[in-house]
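Worksheet for the structure shown next.
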Amino acid sequence: MSLISVFDVLGPNMIGPSSSHTAGADSIGYLAQKMLGEPVKEVEFTLYGSFAQTYRGHGTDRALLGGVMGFATDDERIKDSFKIADERGLKYTFIPNDEVEDIYPNTADIRMIGESGRVMTVRGESIGGGKVKIVRINGVEVDFTGEYSTVIVIQKDFPGVVAHITKCLSDLNMNVAFMRLFRESKHETAYTIVESDEHVPPEVRDEILKNPNVVDVMIVEP
């Protein structure tokens, strides 16, 4: 008789003992690295609430790290995340934060440095049943789940940018389920987040980037 680890499959789409603490954590890391758009060479995880209290026992650390390396929630490599990260030369740090109390219980901040030197910080919440929300990108409050094909536009908050984005989507016959604008303050950095229930045409990025006030465009498929 073989022994079964808590990190063995407990369902068809999950590795680990908890949908919130492992599957949700993996999804947060997975979405974060998709937004960075390049392999991660260094990552710092700051854990809050129950994530901070139980991250070792529930495998939250392995799941977050696996997600950042591109492992889906049912990828058996999650069990060996530390070993694989070490083999890849990926530097990682986990910082439990018990001081911040006014925050959703299963929350993680992920600060990533990519191979090109690009830096991005993402805050995600695991909201139960393996579902997650991304609530901050580089300190700007946002709100999307990753359940839809998502276009994230980083832009300068000037008139005409949103109209340009909308026209690009219309010209490419992209069906929009949700579209929201988030910003730091007037004329500062803003994020337009578009969610679609169909695949995003790859040319969307190039078309949106033609506006001089668009800084970057990220496409995250579910």
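Looking across Gly124, Gly160, one residue alone is surrounded by fewer than 16 Cβ atoms within 10 Å (Cβ to Cβ) and at pLDDT 95 or above. It is Gly160.
Each residue in segment 182-210 was checked for being in a loop (DSSP other than H, G, I, E, B) and of a type in the set (Asp, Glu), and 4 of them qualify.
Can you say whether Asp109 is acidic (Asp, Glu), modelled with pLDDT of 95 or more and closer than 23 Å to Ala23 by Cβ, as far as the supplied structure shows? Reasoning before the result, please.
On the way: acidic (Asp, Glu): yes; modelled with pLDDT of 95 or more: yes; closer than 23 Å to Ala23 by Cβ: yes.
Against the criterion (acidic (Asp, Glu), modelled with pLDDT of 95 or more and closer than 23 Å to Ala23 by Cβ), Asp109 qualifies.
A single entry from Tyr104, Tyr92 fulfils the requirement of being under 22 Å from Gly37 (Cα atoms) and of a type in the set (Phe, Trp, Tyr): Tyr92. Of all residues in segment 41-73, those satisfying the criterion of being closer than 20 Å to Gly89 by Cα and part of a helix (DSSP H, G or I) are Asp61, Arg62, Ala63, Leu64, Leu65, Gly66, Gly67, Val68.
The set of residues in segment 97-110 being part of a strand (DSSP E or B) and either surrounded by fewer than 17 Cβ atoms within 10 Å (Cβ to Cβ) or of a type in the set (Asp, Glu) (or both) consists of Asn97, Asp109. Name the single residue that is surrounded by the fewest Cβ atoms within 10 Å (Cβ to Cβ) among those in segment 207-222 being within 22 Å of the chain's Cα centre (by Cα) and more than 15 Å from Asp157 (Cα to Cα). Of everything passing the filter in segment 207-222, Glu221 is surrounded by the fewest Cβ atoms within 10 Å (Cβ to Cβ). Within segment 182-196, the set of residues being under 18 Å from the mean Cα position of the chain (by Cα) and farther than 12 Å from Val220 by Cα comprises Phe182, Ala190, Tyr191, Thr192.
Considering each residue of segment 169-179 in turn, at least one proves to be assigned to a strand (DSSP E or B) and either within 21 Å of Glu198 (Cβ to Cβ) or modelled with pLDDT of 95 or more (or both).
Here is a yes/no grid of residues against (1) aliphatic (A, V, I, L, M); (2) in contact (Cβ under 8 Å) with a residue 40 or more places away in the chain; (3) closer than 21 Å to Tyr104 by Cα; (4) touching a Leu at 6+ places or on another chain (Cβ under 7 Å):
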{"site": "Arg123", "(1), (2), (3), (4)": "no, no, yes, no"}
{"site": "Glu141", "(1), (2), (3), (4)": "no, yes, yes, no"}
{"site": "Glu147", "(1), (2), (3), (4)": "no, yes, yes, no"}
{"site": "His187", "(1), (2), (3), (4)": "no, no, no, no"}
{"site": "Pro202", "(1), (2), (3), (4)": "no, no, no, no"}
{"site": "Val215", "(1), (2), (3), (4)": "yes, yes, no, no"}
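Residue count for segment 171-206, restricted to those that are exposed (fewer than 12 other Cβ atoms within 10 Å of the Cβ) and of a type in the set (A, V, I, L, M, F, W, C): 0.
The values are calculated or read from the model by the stated rules, or taken from the named source; none is laboratory data. Just so it is clear, the structure is predicted and the values come from calculations on it, not from any experiment. Cβ coordinates were reconstructed from backbone atoms using ideal geometry, including for glycine residues, and neighbour counts include every protein chain displayed.
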